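Structure first, commentary second.
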Amino acid sequence: MAIVQNDATERSRQILIVEDEPSISGFVRRGLIFEGFDVSVVDNGTDALLQMRDNPPDLVVLDLMLPGIDGIQITQRVRAAEEAEGTPRLPILMLTARDAVADRVNGLDAGADDYLIKPFDFDELVARVRALLRRATPTSTNNQEVLTFENITVNLTSHIVSRDDQVIELTPREFDLLVILMRHPNQVLTRQTLMQRVWGEDFYGESNVLEVVIGNLRRALETNDQSRVVQTVRGIGYVLRSQ
Ligand code: CA
């Protein structure tokens, strides 16, 4: 066996598996323990919520279809509690059934960070888990309210946005949209999520207002042959990602 050169922080990361199919939870549990994670398993939503309250994990692998409180409801409750209490975002990797595109969109809308379609390779699961944990670990320890993505910088205090040290003028909506994308780099955000966060919960309708603001944001950010960073994910939404 190869010697794993790993920092102690990753070895002690706690992962909660919420899955009612013992064959899947057993397989995932054994694999994650082998990878050095601290793993606990529950098979229903009520126990999941209790466990998250009493012994908060670093990440949750959450099955969508559960008896009683399902994965969508669990995710919604976790995100609502984080919003209310101002606690850090818990990474959630959702497991969904094959071909259930609606489930996958609903999961992302509810606030899941990523999803895997059953059946999945264990290596793929570990790759997603590690990526989510890396994303959740702050890269900066200073207290400045600054978000950066490649050569784009957003100062949340002064509201100054720049790319390649050139200041970019944005409208308040464009600024809000960019901040949401910058907070979730490389994460696909659904149209509904973006609409709700920028325009509020009570925004209704099928208007193209989001597309218009995305278009304006791109024109502001992507001048002078600068690369495209706001990418369209057809049928789902948008992601901040370099090409
Ligand atoms: Ca299930």
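In what sequence do 41, 78 fall when counting other Cβ within 10 Å, fewest first?
Working: 41 19, 78 24.
Ordered by Cβ neighbours within 10 Å, fewest first: 41, 78.
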To the nearest µm²/s, what D does Stokes-Einstein give for the stretch 8-136 at 25 °C and 0.890 mPa s, using the Kirkwood radius over alpha carbon pairs as Rh?
-> 170 µm²/s
Rank 38, 113, 164 by mean-square fluctuation in a GNM of the chain with C-alpha springs under 10 angstrom and give only the top-ranked residue.
-> 164
What does the convex hull of the Cα atoms of the stretch 54-117 come to per residue, in Å³, rounded to a whole number?
-> 82 Å³
Could you run the Debye sum over the Cα atoms of the chain, one equal point scatterer each and no solvent, and tell me log10 of I(q)/I(0) at q = 0.07, 0.10, 0.15 Å⁻¹, two decimals?
-> -0.26, -0.54, -1.12
10 Å-binned pair-distance histogram of the stretch 146-240 (Cα, whole percent) | 15, 53, 28, 4
Would you mind checking which residues have amide H under 5 Å from residue 94's amide H? H placed 1.01 Å from N; only 5 or more apart, or other chain.
-> 62, 113, 114, 115, 116
Over the chain, what is the relative contact order in whole percent, taking alpha-carbon pairs under 8 Å and six or more residues apart?
-> 12 percent
For the chain, with a Gaussian network of springs between Cα atoms less than 10 Å apart, report the residue from 193, 75, 223 with the top mean-square fluctuation.
-> 223
Peptides ranked, highest mean first, by Cβ atoms within 10 Å: ranges 118-126, 46-54 = 46-54, 118-126
Excluding residue 151 itself, what net charge comes from residues whose Cβ is under 15 Å from its Cβ, given Lys and Arg +1 and Asp and Glu -1?
-> -2
Of 106, 216, 151, the most mobile residue in a GNM of the chain (C-alpha springs, cutoff 10 Å) is 151
Computed [θ] at 222 nm, helices only, for the chain once each DSSP H run of length n ≥ 4 contributes -39500 (n - 2.57) | -12500 deg cm²/dmol
When DSSP assigns beta bridges and you keep just the ones with both residues in the chain, what percent turn out antiparallel, to the nearest 5?
-> 50 percent
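Throughout, read-outs are computed from the coordinates displayed, never taken from laboratory work. Computed from a prediction, not measured in an experiment: that's the story for all the values here. Note that we place each Cβ from the backbone using ideal geometry, even for glycine, and neighbour counts take in every protein chain shown.
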